[in-house]
Amino acid sequence: MSVSGLCTVCESESAEYTCGRCGSLVCEVHYDPTVGFCVECAGEIGNSRPGDTDQPDDGDTYRF
Ligand SMILES: [Zn+2]
Ligand SMILES: [Zn+2]
């Protein structure tokens with residue numbers, strides 16, 4: 001098997017996939033087939049990162 005390149009994320013595994021967003025070559029571990037992007041792009045387009053949202057959900061019940 002010829003090695004076309006190394007994963008741009010871990011730089012240790014052979015890149016077998018190409019990110020459909022940034023075009024980076026990534027290995028199987030760092031490729032998200034559900035979106036067709038690398039894990040970095042998949043994380044950016046995914047749900048908001050923890051701490052990024054500011055929901056006033058403290059779980060406490062207020063009463064008058
Ligand atoms: Zn990798
Ligand atoms: Zn990407």
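The values are calculated or read from the model by the stated rules, or taken from the named source; none is laboratory data. What you see is a predicted model, and the numbers here were worked out from it, not measured in a lab. Quick reminder, even Gly has a Cβ in these numbers, built from the backbone with ideal geometry, and neighbours come from all protein chains shown. Note: accessible area is taken over every heavy atom of the protein model, side chains too, but ligands, DNA and RNA are not part of it. Shrake-Rupley method; radii C 1.70, N 1.55, O 1.52, S 1.80 Å.
In the context of the full set of protein chains, segment 1-47 has a per residue accessible area of 68 Å² (1.4 Å probe). Amide H to amide H, with H built 1.01 Å from N, E13 comes under 5 Å of C7, counting only residues 5 or more places away or on other chains. Comparing S24, V39, G5 along the charge dipole axis of segment 1-47, the residue lying farthest to the positive side is S24, per the Cβ-charge model. For the pair V39 and C22, the difference between a 0.36 nm per residue extended length and the Cα-Cα distance amounts to 5.0 nm.
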